[in-house]
Amino acid sequence: MEGNCSCCHKTKMRSEAEYKSLIHRLNRIEGQIRGIKGMVENNAYCTDILTQVAAANAALNAFTKELLANHIKTCVAEDILAGKTETVDDLVTTLQKLMK
């Protein structure tokens, strides 16, 4: 697998299953965001909107966990096996950004 996930100039070929799973999650998140926008446009009650925002945040977190797990299992593992230990530094930097 041509791997790499730590830089916007790199690309990664994903399996069909991984691709479909990630796109499915993103489509659901996109729908949730459109729903929240509609709630605001329709003057929905604040706590109802906040409940939907929490659900969208949980969905984004689930997407992040899945993508990060795939990254570690493929890109990071492959690079380490190939002797590219700098990938561990890239992973640490990525985790620091995620934990802000």
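The values are calculated or read from the model by the stated rules, or taken from the named source; none is laboratory data. Quick caveat: nothing in here was measured; it's all calculated off a predicted structure. Note: ideal-geometry Cβ built from the backbone for every residue, glycine included; neighbour counts use all protein chains shown.
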*Kindly indicate which of T85, T51, T47, T11 is among the hydroxyl-bearing types (S, T, Y), at pLDDT below 95 and over 16 Å from the mean Cα position of the chain (by Cα).*
T85
*Output the helices (runs of 4 or more DSSP H) that fall wholly within the range 11-100 and possess 2 or more residues being in contact with a Ser or Thr (Cβ under 9 Å, 6 or more places away or on another chain), or say none.*
46-71, 77-81, 86-98
